[in-house]
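A short write-up of the structure that comes next.
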Amino acid sequence: MSWPTEPPPASHPARPADQPDVVLALDLGTGSLKAALITAGGDTLRRAAHPYPAHSPQPGWSESHPQDWWAAAREAARAVLRGTDPARVRAVSLSGQMHGVTLTAPTGEALRPAVLWSDTRSAPQLPAYQALPEDLRRDLRNPPVTGFAGPTLLWLAAHEPATLAAARWALQPKDWLRLHLTGEAATDPSDASGTLLFDPHRQDWHAGLLGRLGLPAALLPPIRPSGSVAGFLRDTPARALGLPPGLPVLTGAADTAAALHAADLAPGEAQLTVGTGAQIAVSRADLPEPHPALHAFRDAAHGWYQLAAVQNAGNVLEWVRRTLRLSWPDMYLGAQQADGNPAPLFLPYLTGDRTPHLNPHARAGWLGLSADHDPGHLAYAAFEGVALSIAQAAELLNLPRAQPLRLAGGGTVDPWWQQLLSDALNRPLHVTNVPDASLRGAARLAWTGLGVPWTGEAGPARVTVIPSPDRISQDRRERFARAADQLMRRARPD
């Protein structure tokens, strides 16, 4: 496949001097697509988001329709571009949710709904990874878990072989969107390293592993640097977005890698991001050693990060809110009123667990309910359960006890919730003033790829939250840990 090195001819009108140049950053999340216009100085001029549903046609399945992604991109982009001179847009860059699989026809159309990172149907395929020779298992640098592209492709090969045979590409979500924009297939190292199909030494697809698993290497797109130009905006999608055709479209990065790129973490520094799931990421200069319950992924530059991945966070709190029929203000108010009173325990494993238990069969529940408990007690238990599960995952990273974490993500703006997270982790949290960090990371990659210096600040701490060690008693922590361990031992395939 030929790779574009020069943009097609494009005619741009003169640019008025009163508007700064911007890039259009798109972040394709699990439940919505966000768009922003961001300058080389790091200023976000306009921002918009458009939601779409995730579907669960069977228990444990999690899917999304790629056409919903495109419709959301079109709506969000047009919203931020309204009133903006499109000639001021210099490029488009992307970030997005990791691990999923979008089977794509030669025409670029999705052949079936995308299988998402939270999908657990591929649990029966994990023994194929566990049976690999030790050197190949070590090369993975990641424990075999459901929701990653490799096990999902094995499931598709076993259950939908005709669809897999008809596919030209198996793409990550952001990479499908870029294909729709440019007609060119590609991915970047940060997403490729999260597939369980990547060779960390060669920085390419692992030919030996693919051969052992019986997966066709031709399905996987070329791997390009995160800050490189991966194609140019085609006429039809350009008209739909309200942009001139021929704009460079950057490869971009996985959402966590993009967020860390915006944060500009030094090696050894760590950040907690809470959204649909939660991630505690530690920047590493070199390839981390394998760990049975931690992940190691390429960052958006030239290093690595080690990740404790908590599968259930904001998705659980949203489910609890809907189930209790509470508004978000009432959810927070009820939880705060119940804070400090006897409350049930909550195990937050709606879609199984990744770090630390690696059990896709686990499920959630309240324990110790009594007639004295009201929705506020249940809400508090949900917040606390998510916080304690994050704390369990963070322990595996062996961070120095006094080392603070940066705190980012759209699910962490409430001060009471920030304090509960700090108390559960028993370490300070530096709440960073970097909204939409993944969008900023994508924008930084775009400006650097265009040869324009990025002068945006990484975002100093807006406030530091100091833990109150006695708020969550040691007895309650131990009860949560015992209940989680017992659940994990009982959780088995049906």
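The values are calculated or read from the model by the stated rules, or taken from the named source; none is laboratory data. Bear in mind the structure is a predicted one, so any value in this text is a computation, not a measurement. Neighbour counts run over all protein chains shown; Cβ positions are idealised from the backbone, glycine included. The area values use the complete protein model at the heavy-atom level, side chains included, leaving out ligands, DNA and RNA. Shrake-Rupley method; radii C 1.70, N 1.55, O 1.52, S 1.80 Å.
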Notebook entry, point to check: Against the longest principal axis of the chain, how steep is helix 415-425, in degrees 0 to 90 to the nearest 10, with axes from Cα atoms?
Noted result: 70
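May I ask you to give the percent of accessible area on the chain that is carbon plus sulfur, with a probe radius of 1.4 Å? Walk me through the intermediate numbers first.
Working: 10030 of 19310 Å².
The nonpolar share, carbon plus sulfur, comes to 52 percent.
Shape of region 136-217 from its Cα gyration tensor (a ≥ b ≥ c, root eigenvalues): rounded if a/c is under 1.5, otherwise prolate when a/b > b/c, or oblate?
It is oblate, given that a/c is not under 1.5 and a/b is not larger than b/c.
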Checklist line | Taking all pairs of distinct alpha-carbon atoms in region 170-241, Kirkwood radius in angstrom | finding: 13.1
Checklist line | Helix axis angle, 437-449 relative to the chain longest principal axis, alpha carbon, degrees | finding: 30
Notebook entry, point to check: Antiparallel DSSP bridges in region 143-293: what percent, to the nearest 5?
Noted result: 90
Check: For region 131-175, with only Lys/Arg (+1) and Asp/Glu (-1) charged at the beta-carbon, what is the dipole magnitude about the Cα centre, in debye rounded to 20?
Finding: 120
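Under a point-charge model restricted to the Cβ atoms of Lys and Arg (+1) and Asp and Glu (-1), what is the dipole moment magnitude of the chain relative to its Cα centre, in debye to the nearest 20?
Values: 43 positive and 45 negative charges, 68 e Å.
Dipole size: approximately 320 debye.
At 1.4 Å probe radius, can you tell me the per residue accessible area of the chain in Å²?
Result: 39 Å² per residue.
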Notebook entry, point to check: According to a simple spin-label model (label point 7 Å from Cα along Cα-to-Cβ), what is the distance in nm between R482 and Q58?
Noted result: 3.8
Margin query: Can you compute the charge dipole magnitude of region 289-425 about its Cα centre, using +1 on each Lys and Arg Cβ and -1 on each Asp and Glu Cβ, nothing else charged? Give it in debye, rounded to the nearest 20.
Written below: 340
Next item on the list: Among DSSP beta bridges whose residues both lie in region 321-444, state the antiparallel percentage, nearest 5.
Entry: 50
Note to self: With the cut-off at 1.5 for a/c, could you classify region 224-327 from its C-alpha gyration tensor as rounded, prolate or oblate?
What the structure shows: oblate
Next item on the list: State the Cα centre-to-centre distance between region 280-316 and region 197-232 in whole Å.
Entry: 19
Note to self: For a protection proxy built on the mean count of beta-carbon atoms within 10 angstrom, sort 163-171, 441-449, 44-52, 421-429 highest first, please.
What the structure shows: 441-449, 421-429, 163-171, 44-52
Item checked: Sequence-distant residues sharing a close amide H with F148 (under 5 Å, placed H) -> none
Next item on the list: With everything on Cα atoms, drop me the angle between helix 314-324 and the longest principal axis of the chain, reported from 0 to 90° to the nearest 10.
Entry: 60
Checklist line | Rounded to 5, percent antiparallel among DSSP beta bridges of the chain | finding: 75
Check: Taking +1 at the Cβ of each Lys and Arg and -1 at the Cβ of each Asp and Glu, which of L425, Q172, S228 sits farthest along the dipole of the chain towards its positive end, judged by Cα position relative to the Cα centre?
Finding: Q172
